[in-house]
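K.L.:
Take this structure first; my questions come after.
The values are calculated or read from the model by the stated rules, or taken from the named source; none is laboratory data. These numbers were taken from a predicted model, which means no experiment stands behind them. Please note: Cβ atoms are built from the backbone with ideal geometry, for glycine as well, and neighbour counts cover all protein chains shown.
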Amino acid sequence: MDLSENITKAITEIQENVGPSVKFHTDIYNQSTFIDTSVRNVLKALIEGGIFVIFVLFFFLFNYRTTFISLLAIPLSLLVTIVTLKLLGYTINTMSLEVWQLQLVHW
């Protein structure tokens, strides 16, 4: 997001120096809008998934305790995974890339 913003600023500065005869269209292929939309979609999916977990666990098991433990364990395990990756110098993208490479090895 920062890179896209910096590129837009640089193109704006170039536009001012070039003059009115040359036009740059930065809105045609702007990665920041794609990234922002992707992040919002992931957050929406996480919220919807959490709601479905509550419904499925409670309505099939009729047990508050099981529902509470699952709602606590899922985000906690995700948080521990992200913190561990951060401490090791990895990102989520690196993790998914390594899994993809392992799948290619099996082919």
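K.L.:
Name, by its number, the condition in (1) of a type in the set (Lys, Arg); (2) closer than 30 Å to Ser4 by Cβ; (3) exposed (fewer than 10 other Cβ atoms within 10 Å of the Cβ) that does not hold for Arg65.
P.N.:
(2)
K.L.:
Hey, any hits in segment 22-30 for a residue that's of a type in the set (Lys, Arg) and either at pLDDT below 85 or surrounded by 11 or more Cβ atoms within 10 Å (Cβ to Cβ) (or both)?
P.N.:
For segment 22-30, residues of a type in the set (Lys, Arg) and either at pLDDT below 85 or surrounded by 11 or more Cβ atoms within 10 Å (Cβ to Cβ) (or both): present.
K.L.:
Can Leu71 be described as touching a residue at least 12 places away in the same chain (Cβ under 8 Å) and either on the phi < 0 side of the Ramachandran plot or under 20 Å from the mean Cα position of the chain (by Cα) (or both)?
P.N.:
Criteria met by Leu71.
K.L.:
Right, next: Could you tell me whether segment 4-11 includes any residue that is assigned to a loop (DSSP other than H, G, I, E, B) and within 17 Å of the chain's Cα centre (by Cα)?
P.N.:
Scanning segment 4-11 turns up no residue that is assigned to a loop (DSSP other than H, G, I, E, B) and within 17 Å of the chain's Cα centre (by Cα).
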